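For reference, the structure discussed in these notes is given below.
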Amino acid sequence: MTEWDNFEDHLRASLRRVEAPAGLQERILHAARLRRLRRQLWLRAAAVLLLVISAAAYGVFWRLQVRARQAEQARRQLELAIQITNRRLSQVEQQLSSIGVKTIRFEEVSQ
Amino acid sequence: MKRLWVIWPATALALLAQAIDFSVLDKLAGKAKESAVVNLGPEQLSLVAGLGGKGGAEKLGDLAKELRAVQVRSFEYDAPGMYDMELVRSFRDKVKASGEWTSVVSVKEKDGFTEILVKKGTQGKPGGLLIVAAEPKEVSVVHVEGLFDLSALRGLGVLPGVPSLGAGPKKEAAPSPAPKSGKQE
C-alpha cells in the first residue's frame, strides 16, 4: 500500500457522509427560538417599564396640576374672604370713628 | 359686586370641629341676586400657605399658615326684606350662647345690625373672629378660625384713611367686655 493509497483512504473517510445526531435540528431551532423570545421579552419589558414610568410621570404632573388649581382656587377664596372681612371691619370702624373710638384692642379678650 | 361665587368644594365640609354650622345661613342664598360663599379648611389653607410668592402673596401665605378655617356667607338682594333677618339674629345668638365667643363690637341700626365677636386666644392674639352684619339688602357672615394677628389680615386689604381696628399696643378705647356704639343693642 502506497502512501498515496493511504491518503485516498483518509480522504474518503473524511468526506463520507455523516448523519447529524438525532434532534440536532430541533435543538438548533429551539435555541434560535429561545434567543428570539428572550429578545422580545426584553423589548416588551422595556416598553412596559417605559409605559409605567410615563404613566407615573404623568400622574405626578397631573396631581401637581390639580393641587396648583386647588391652591389657586383656595387663594382666590381667601382673598375674597379678606376683602369681605375688611369691608365689614371698615364699615364698623367708620361707625366707631364717628363716636370717637379709634382703636379696639382685641388683647382684652385674649389670654 | 359682579362676582358670583358659589363654590362648594367637597372637602369644605371637612372643616374642623371648631367650625360654626353655617348651614342655617345657606337658606338665605335662595333669593340673593349675588352671593359669595367661601369654605376653606386646613387642607385648602395649607395649599395657599405653600404657594409662596413675594409681597402680598407672601403675606397671604403667612396668614394662611396661622388660620385653621375660613367661612364666609355674603348675600346681596334686590330689595329690602328679601331675607329673614331674624334667622341671622338667631344664628348670632346661638354662637354667643356657646360661651366661646366674646362680643367686642355691637352696632344696632334701625334696619340692621353688626356684631364683631372674638374667640379667646393665646399669645395676645384672638383665636377666632366672627363678623355678623345684616343690612336691609345685604347680609354678611365671616368666620375666621385660628391664632392669627388681626393686623396681618388688615394689612392685606387696608383702606386708606380708616382708623385702625386691631391688636395694637396703644389703648385709646378698650371695650370691656364689649364696646358699644351710640346705637347699641
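Every number in this text was worked out from the coordinates using simple rules, so none of it is lab data. Computed from a prediction, not measured in an experiment: that's the story for all the values here. No Cβ is skipped: glycine too gets one built from the backbone with ideal geometry, and neighbour counts run over all protein chains shown.
Inspection of segment A:63-77 finds a residue satisfying the criterion of being closer than 30 Å to B:Val118 by Cβ and touching a strand residue (DSSP E or B) at 6+ places or on another chain (Cβ under 8 Å).
Between B:Ala57, B:Ala97, which is free of Cβ contacts under 8 Å to residues at least 60 places away in the same chain and either out of contact with any helix residue (DSSP H, G or I) (no Cβ under 9 Å at 6 or more places or on another chain) or buried (at least 18 other Cβ atoms within 10 Å of the Cβ) (or both)? Spell out how you get there, then give the answer.
Working: B:Ala57 fails: either out of contact with any helix residue (DSSP H, G or I) (no Cβ under 9 Å at 6 or more places or on another chain) or buried (at least 18 other Cβ atoms within 10 Å of the Cβ) (or both).
Within the list B:Ala57, B:Ala97, the selection yields B:Ala97.
B:Glu86 meets all of the listed conditions (1) without any contact (Cβ under 8 Å) to a residue 24 or more places away in the chain; (2) within 11 Å of chain A (Cβ to nearest Cβ); (3) loosely packed, with under 14 Cβ neighbours inside 10 Å; (4) not β-branched (Val, Ile, Thr) but one, namely (2).
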